[in-house]
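Accompanying notes for the structure given below.
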Amino acid sequence: ADQAGCRAQLATVVTMSLFRGSLPAGFLFPYRHPKAKGLVESTLYGIGGLLRGVGAALDELGSMAQGPQGDIKDHVQPNLAFAPVHRKPDVPVGAGQVVPAPAAAARTLKLKEVVVPNKHSSAFVAANANVLGNVKIGANSSIWYGAILRGDVNGIFVGSNTNIQDNAVVHVSKYSLDGDARATVIGDNVTIGHGATVHACTIEDNCLVGMGATILDGATLKKGSIVAAGAVVPPKTVIPSGQVWAGNPAKFLRNLEPEEEAFIAKSAVNYSELSAIHKFEQSKTFEEQFVEMAIMKDRAALADPSNSVHQMWEYDSQTALVARAKR
């Protein structure tokens with residue numbers, strides 16, 4: 001019954017795709033959504049954009065009519081994977097982009113401008129990561145699940161082909177013992193391991209920060225260095241190029257081996273390639289996921305020798321999908 005229900009809904013999706021022009025793109029193109037082509041589709045796309053603009057204007061009028069009680073709750077995004085912060089005049093902006101605050105926020109919170117993160121189109125930010133404010137992310141870099149990049153009081157600069165793994169925290173400082181405000185600068189081809197903390201420091205190209213390590217204010221990792229898992233690098237420490245440091249407080253352990261240098265480069269490439277897959281999967285619509293779920297169920301039923309359900313159906317030999325019911 002469950003398979004029959006799935007197949008009926010799948011048939012509905014496929015049937016709906018025949019009625020072009022009256023359904024959203026998710027139904028028209030179950031796997032990808034090409035731009036509108038032809039006079040009819042282009043016209044409908046333009047009309048849809050106009051209607052959405054009118055809807056946004058009506059929403060703003062309604063928000064004004066409701067006053068402070070209705071202003072905020074409808075404008076707080078449920079997903080903070082990529083969110084702005086309040087621009088403060090005394091905080092330098094160089095990583096993120098300064099944009100005018102939304103009308104409701106400007107009126108209720110007295111904000112004129114906000115700082116939004118700036119990322120390359122090829123970068124991947126996981127849906128449950130938090131990238132806030134004055135942050136810049138370079139090409140083919142990846143911010144993984146649960147990671148936090150908080151550019152609220154200074155800037156965070158992330159280079160190209162860099163991966164910041166699950167549950168890592170990257171922050172900055174506005175004040176310090178020596179009075180200096182510090183941004184966080186992370187170079188190209190850098191790996192930040194799971195659960196690491198990177199705070200107001202500089203990490204040059206081709207470095208690796210192990211899982212659970214902590215890099216504190218003003219520290220500098222020179223090009224091609226490694227901080228071992230769980231290590232704590234004290235403030236203002238400089239780790240020379242080509243060295244491995246470990247411990248709490250972190251101290252020189254040894255020089256890098258050639259295979260470790262190769263591993264750092266390979267890690268950056270692997271995560272860049274893996275992030276492209278995750279980015280593609282996250283971009284799928286509900287309809288695409290539903291179709292894939294039905295396909296997976298078909299193939300699982302066919303592959304399971306203890307499941308007699310497949311005996312009721314004839315399968316296509318090439319796709320392993322149900323072709324029709326047996327008679």
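Coordinate-derived values only; no laboratory data. In this text the structure is predicted, and so the values were computed from the model without any measurement. All Cβ positions, even for glycine, are placed from backbone atoms using ideal geometry, and neighbour counts span all protein chains on display.
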Checking the table 112/136; 222/251; 174/223; 222/266; 174/279; 37/119 against a 24 Å threshold on Cα-Cα, which pairs fail?
174/223; 174/279; 37/119
So between residue 66 and residue 180, what do we pick up on full extension, going 0.36 nm a residue minus the alpha carbon distance?
36.6 nm
I want to verify the translational diffusion coefficient of the range 148-187 in µm²/s; compute it with Stokes-Einstein, Rh as the Kirkwood radius over Cα pairs, at 20 °C and 1.002 mPa s.
195
Step through the residues of the range 152-164 one at a time and calculate ³J(HN,Hα) from phi using the Karplus curve (6.51 cos²θ - 1.76 cosθ + 1.60, θ = phi - 60°), rounding each to whole Hz and writing x for Gly and Pro.
8, 10, 5, x, 10, 10, 10, x, 8, 6, 9, 10, 10
Please list the non-local residues whose amide H lies under 5 Å from the amide H of residue 169, H modeled 1.01 Å from N, same-chain partners needing a gap of 5 or more.
148, 196, 197, 198
Give me the mean projected area, in nm² to one decimal, of the convex hull enclosing the Cα positions of the range 85-279.
10.8
To the nearest 0.05, how large is the calculated FRET efficiency for residue 274 and residue 299 if R₀ is 41 Å and r is the Cβ-Cβ distance?
0.95
Stretch residue 229-residue 286 to full length: gain in nm at 0.36 nm per residue minus the Cα-Cα span?
16.6 nm
Using Cα-Cα distances under 8 Å and only pairs 6 or more residues apart, what relative contact order does the range 183-239 have, in percent?
30
